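What follows is one structure encoded as structure tokens, with my remarks underneath.
The values are calculated or read from the model by the stated rules, or taken from the named source; none is laboratory data. The shown structure was predicted, so the numbers you read here are calculated from the model rather than taken from an experiment. Neighbour counts are summed over all protein chains in view; Cβ atoms, including those assigned to glycine, are modelled from backbone coordinates with ideal geometry. Protein only, heavy atoms only, side chains kept; ligands, DNA and RNA dropped before computing areas. Shrake-Rupley method; radii C 1.70, N 1.55, O 1.52, S 1.80 Å.
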Amino acid sequence: MQVVLVQLDVAWERPEANFRAVERLLGRVTVSPGSLIVLPEMFSVGFTMNVAAAAEEEGGPTERFLEDMAARHEAYVVGGVCRMGSDGRGRNDALVVAPDGRRVDRYTKLHPFSYAGETDHYAPGDDIIVFDWDGLKTAPFICYDLRFPEAYRHAAMRGAGLLVTIANFPSARVRHWTDLLIARAIENQAYCVGVNRCGSDPNVAYPGRSVAVDPLGHIVAEAAAEETVVVVHIDGKEPSRVRSAFPALRDARADLLGGSSR
């Protein structure tokens, strides 16, 4: 199974420029049919609080771009979308699209980043999602979610063997980025893929460092700081093998998790 990590230097609030950049980067690699292409959080506009200018209605240009891209490459896609909610607040989403261009599901970031004021402009989601990627249950998360292990555990308890985190994670805390991804992989005995942006916006510098971690916590692929595409091959049966050989998740106290999961 092939995962394609697209590490982008996002042009600030310029969707068309970012669409072109994604296609340019994907043109450097061979995307096998059925692959999973992963783009950063809010890849078309950057981590902006200017919701009125940047957010789109459901079915807007960014969503159509992701749908068209999935169909062209015959691949699954997970990409960040800045969407306008009916209450006038934004939604920081991860859209999941199937190889036929059909929207599979939509995840809304559970934990807006209060430290940067995201909670003032974006409403939180209220649940995780798990979708089937060629037999491997997969759950998307967004950036700050990475600091909340209970969300990832919910996904693992539902059988997710691949945990995908799309991000605008800053250079100031790059050690946290890699360490937390490794921790989420080890504790859930799952692959963890983190796709971060690189470059800078008007407020923050970003380190890139997109990474794939196997269910034992080994880094199997990692990007540096520049724009790039990383192609990694994973074994969809490996999470089940690891969980069978060392069945730690059987001892997890689901009654202590709280919340809901669908």
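So here's what we get for this one:
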{"quantity": "For the range 200-262 and the range 1-64, distance of Cα centres in Å", "calculated": "20 Å"}
{"quantity": "Spin-label pair Glu16/Phe148, simplified geometry with 7 Å Cα→Cβ offset, distance in nm", "calculated": "3.7 nm"}
{"quantity": "Accessible-area ranking of Trp177, Trp12, largest first, probe 1.4 Å", "calculated": "Trp12, Trp177"}
{"quantity": "Table column - 3J(HN,Hα) (Hz), the range 38-43, Karplus curve with 6.51, -1.76, 1.60, x for Gly and Pro", "calculated": "10, 10, x, 4, 6, 5"}
{"quantity": "Packing-based ranking, highest mean first, of 81-91, 216-226 given that Cβ atoms within 10 Å are counted", "calculated": "81-91, 216-226"}
{"quantity": "Helix 15-26 axis, angle to the chain major axis (alpha carbon atoms, nearest 10°)", "calculated": "50 degrees"}
{"quantity": "Nearest 10 degrees, 0 to 90: helix 61-73 Cα axis against the chain principal axis", "calculated": "60 degrees"}
{"quantity": "Carbon and sulfur %, accessible surface of the chain computed with the full protein complex present, 1.4 Å", "calculated": "49 percent"}
{"quantity": "Amide H contacts of Tyr122 (H built 1.01 Å from N, under 5 Å, at least 5 apart or other chain)", "calculated": "Gly90"}
{"quantity": "Net +/- balance of residues flanking Cys192 in space, Cβ distance below 9 Å, scoring K and R +1, D and E -1", "calculated": "0"}
{"quantity": "Spatial separation of Cα centroids for the range 118-169 and the range 171-190, in angstrom", "calculated": "14 Å"}
{"quantity": "For the chain: accessible area per residue (Å², 1.4 Å)", "calculated": "40 Å²"}
{"quantity": "Cβ-based charge dipole, the chain, positive-most Cα from Ala172, Phe148, Gly208", "calculated": "Phe148"}
{"quantity": "Formal net charge of residues neighbouring Val10 (Cβ-Cβ distance under 11 Å; K, R +1; D, E -1)", "calculated": "-3"}
{"quantity": "Solvent exposure, largest accessible area first (probe 1.4 Å, DNA, RNA and ligands not counted), of Glu187, Glu67", "calculated": "Glu187, Glu67"}
{"quantity": "Within the chain: Cβ-based charge dipole about Cα centre, in debye rounded to nearest 20 (Lys, Arg +1; Asp, Glu -1)", "calculated": "520 debye"}
